[in-house]
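First up is the structure itself, then whatever we jot down about it.
The values are calculated or read from the model by the stated rules, or taken from the named source; none is laboratory data. Owing to the predicted nature of the structure, the values given are computational and were not obtained by experimental measurement. Because the Cβ atoms are built from the backbone with ideal geometry, glycine has one as well, and the counts that use them run over all protein chains shown.
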Amino acid sequence: MDKVKILEKYLPAQAAPLIARWIDYFKCEFKISRNRNSKFGDYRSPYGGKGHRISVNYDLNPYAFLVTTVHEFAHLHTWNEHKQKAKPHGTEWKNNFKKMMQPFFEKDIFPVDIKKAIVSYLDNPAASSCSDLNLYRALRKYDPPKASEAILTVEKIPLKALFKLKDGRVFRKDEKLRKRFKCTEIATRRIYLFSPVAEVELIEGATAA
Ligand SMILES: [Zn+2]
């Protein structure tokens, strides 16, 4: 099957031809990853005989998939231009991300709220990774309803509730500190700061004082 046809299954159809062209143009090994991890996508620069590699999670909604893909291609392009001299989410990356987002803006691919969130993300000099909260929330709204309801995040669970991470560690949700939640790891009594959108599994019926 050709690239465009495959990409159309994961991102907005109008965006597929350009992404397919980037894959060829940048000679990039592009993988749709089946691993479920906390990262939406990943870029690896050429190393040990391998070329550019990008992977993007298969289970993102089409808009999140496209934004993540452009994010990773901006890393690739920045690496081509500056190698290790540019910071991963520094000015050079940001300018490339902005530039590479333009063709999709021009095609009017994004709903208004996502476009707004991307624009304000790009205009915010402090923004860095793809985990920007406003952008993340705007993208999440377009997840299929069932999936997004099933996903619990730290901000959605009650105070003092116990929750589990994918690695099995158990925490108690404590108070909010500025933008993040203080959480105590039960086994070690250590305190960690969690992003409000960190995905967690609620331990049903359990609360701790
Ligand atoms: Zn990045």
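Among the residues of region 147-162, those that are assigned to a helix (DSSP H, G or I) and either surrounded by 14 or more Cβ atoms within 10 Å (Cβ to Cβ) or modelled with pLDDT of 85 or more (or both) comprise V154, E155, K156.
Restricted to region 112-146, and to residues there that are assigned to a helix (DSSP H, G or I) and modelled with pLDDT under 80, the residue that is nearest to the ligand (Cβ to nearest atom) is L133. Comparison of E92, E81, E29, E8 shows that the only residue that is modelled with pLDDT of 90 or more, touching a Lys or Arg at 6+ places or on another chain (Cβ under 7 Å), among the acidic types (D, E) and away from the ligand (no atom under 12 Å from the Cβ) is E29.
Selection over region 39-56 of residues that are within 12 Å of the ligand (Cβ to nearest atom) and among the basic types (K, R) gives a count of 2.
For D59, the criteria (1) within 16 Å of the ligand (Cβ to nearest atom); (2) surrounded by 14 or more Cβ atoms within 10 Å (Cβ to Cβ); (3) modelled with pLDDT under 95; (4) closer than 25 Å to I151 by Cα hold in every case but one, which is (1).
Test of understanding: among G41, G48, which residue is modelled with pLDDT under 95 and surrounded by fewer than 13 Cβ atoms within 10 Å (Cβ to Cβ)? Quick ask: steps written out before the conclusion?
Numbers: G41 fails: surrounded by fewer than 13 Cβ atoms within 10 Å (Cβ to Cβ).
Sole residue among the options that is modelled with pLDDT under 95 and surrounded by fewer than 13 Cβ atoms within 10 Å (Cβ to Cβ): G48.
When residues of region 167-198 are filtered for being part of a loop (DSSP other than H, G, I, E, B), within 25 Å of N35 (Cα to Cα) and either touching a Cys at 6+ places or on another chain (Cβ under 6 Å) or in contact (Cβ under 8 Å) with a residue 12 or more places away in the chain (or both), how many remain? Residues flagged as part of a loop (DSSP other than H, G, I, E, B), within 25 Å of N35 (Cα to Cα) and either touching a Cys at 6+ places or on another chain (Cβ under 6 Å) or in contact (Cβ under 8 Å) with a residue 12 or more places away in the chain (or both) within region 167-198 amount to 5.
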